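J.: Before anything else, here's the structure in question.
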Amino acid sequence: MARDKAGGNTCRVAIDGPAGSGKSTVARKLARRLGYTYVDSGAMYRAVAYRALQAGLDVNDDADKIADLAAQLHFEFRPVDGQPHLFVDGEDVEEAIRTPEVGNLSSPVSAIPGVRQHLLAAQRQMAKEAGVVMEGRDIGTVVLPAAEVKIFLTASVEERARRRQQQLREAGIQRDLDEIIREQQERDRRDSSRAVAPLRQADDAKKVITDDMTEDEVVNVLEKLVREVVER
Ligand code: DC
């Protein structure tokens with residue numbers, strides 16, 4: 001286990017789970033409470049997609065070039081107004097990577113083996129120093145198989161669809177719940193059956209089902225798990 005600047009024990013926390021499980025918010029809050037580095041691995045795949053778009057590369061024809069591009073990028077998470085932002089080669093890309101266009105492209109980009117290989121190296125490097133909370137799909141299984149704390153965060157498909165519907169409503173978009181449930185089921189099927197880094201719970205991960213929990217309740221549970229490990 002690593003030590004922080006004050007000489008205390010720190011650990012690596014791997015949080016995996018499907019979209020809508022509350023993973024991102026919970027991981028951010030947990031990292032802040034613990035004073036750990038936060039790594040959003042999905043943001044890194046989005047950033048490669050964003051840079052590929054900027055470079056005019058095509059995901060089908062230019063897979064090798066996209067992998068080369070991924071190898072050359074330097075990633076860093078830095079706080080901006082108290083929130084972690086991803087910086088790529090010194091540029092704050094946090095807003096640019098959240099567009100639907102980049103989101104859609106990040107899925108095929110994340111299936112390019114060369115891209116995964118380079119991001120895996122970058123992610124492991126980020127977890128080398130002191131405490132880290134890293135979230136994604138394959139953190140407990142592939143990126144940090146020796147993480148001291150592994151969480152698989154999930155919620156029923158209905159609950160995740162309700163949360164998505166609420167998010168859309170807040171953005172002024174009304175959508176039928178049954179339709180969102182169907183989309184969610186389709187996405188779950190795709191995510192867990194794909195050949196490259198499928199979404200799968202690590203055998204030694206603790207499963208936390210967030211249906212009837214508030215975000216803070218989830219963070220409390222996770223914080224307790226981490227404290228048990230570092231204070232052992
Ligand atoms: O969680 P997200 O929507 O920001 O992720 C963006 C894309 O990257 C999404 O298609 C899933 C993929 N991803 C992945 O393949 N492996 C990870 N560890 C994290 C995300």
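Read-outs: derived from the displayed coordinates by stated rules, not from any lab. Predicted, not measured: the structure shown is a model, and the values here were computed from it. With ideal geometry, Cβ positions are generated from the backbone for all residues, glycine too; neighbour counts draw on all protein chains shown.
J.: Write down Rg/Rh for the range 1-123, rounded to two decimals, with Rg from the C-alpha atoms and Rh from the Kirkwood relation over Cα pairs. Walk me through the intermediate numbers first.
T.: On the way: Rg = 15.4 Å, Rh = 15.5 Å.
Here the Rg-to-Rh quotient is 0.99.
J.: Using a Förster distance of 35 angstrom, determine the FRET efficiency expected from the C-beta separation of Arg190 and Asp212, and round it to 0.05. Walk me through the numbers on the way to the answer.
T.: Values: r = 27 Å, r/R0 = 0.78.
For R0 = 35 Å, the calculated efficiency reads 0.80.
J.: Under a cut-off of 22 Å between alpha-carbon atoms, report the lysines in cross-link reach of Lys29, not counting same-chain residues fewer than 8 places apart.
T.: Cross-link targets: Lys5, Lys128, Lys150, Lys206, Lys207, Lys224.
J.: If you plug each phi of the range 216-226 into the Karplus form 6.51 cos²θ - 1.76 cosθ + 1.60 with θ = phi - 60°, what whole-Hz ³J(HN,Hα) values come out, in order, with x for Gly and Pro?
T.: Result, ordered by residue: 5, 4, 5, 4, 4, 4, 5, 4, 4, 4, 5 Hz.
J.: Using the alpha carbons of the range 17-70, what is the convex hull volume per residue in cubic angstrom, as a whole number? Present the calculation step by step, with values, prior to reporting the outcome.
T.: Working: hull volume 5.6 nm³, N = 54.
That works out to 105 Å³ per residue.
J.: For the chain, what is the charge dipole size about the Cα centre, in debye to the nearest 20, if Lys and Arg each add +1 at the Cβ and Asp and Glu each add -1 at the Cβ? Provide the component values of the computation, followed by the final result.
T.: Details: 35 positive and 40 negative charges, 127 e Å.
Approximately 600 debye in magnitude.
J.: Taking every alpha carbon pair in the range 93-232, what does the distance histogram look like in 10 angstrom bins from 0, in percent?
T.: Final binned percentages: 9, 31, 39, 19, 2.
J.: Once you place label points 7 Å from the Cα toward the Cβ at Asp64 and Arg33, how far apart are they in nm?
T.: 4.9 nm
J.: With a Förster radius of 30 Å, plug the Cβ-Cβ distance of Ala111 and Leu177 into 1/(1 + (r/R0)^6) and report the FRET value to the nearest 0.05. The partial results should precede the final answer.
T.: Values: r = 29 Å, r/R0 = 0.98.
Efficiency for this residue pair is about 0.55.
J.: Right, next: Give a residue-ordered list of calculated ³J(HN,Hα) values for the range 93-100 (Karplus: 6.51 cos²θ - 1.76 cosθ + 1.60, θ = phi - 60°; whole Hz; x for Gly, Pro).
T.: Listing the rounded values in order: 9, 3, 6, 4, 7, 9, 6, x Hz.
J.: Given the Cα atoms of the range 118-179, and with Rh set as the inverse mean 1/r over their pairs in the Kirkwood sense, what is Rg to Rh to two decimals? Display every interim value, and only then the final one.
T.: Numbers: Rg = 16.8 Å, Rh = 14.4 Å.
With Rh from the inverse mean 1/r over Cα pairs, Rg/Rh is 1.17.
J.: Projected onto the charge dipole of the chain (+1 at Lys/Arg Cβ, -1 at Asp/Glu Cβ, origin at the Cα centre), which of Ser106, Leu153, Gly56 gives the Cα projection farthest towards the positive end?
T.: Farthest along the dipole direction, towards plus: Leu153.
J.: Please report the relative contact order for the chain, taking Cα pairs under 8 Å with a sequence separation of at least 6, and give it as a percent rounded to a whole number.
T.: Working: 346 pairs, mean separation 75.9, N = 232.
Taking the mean separation of contacting Cα pairs over the length of the chain, I get 33 percent.
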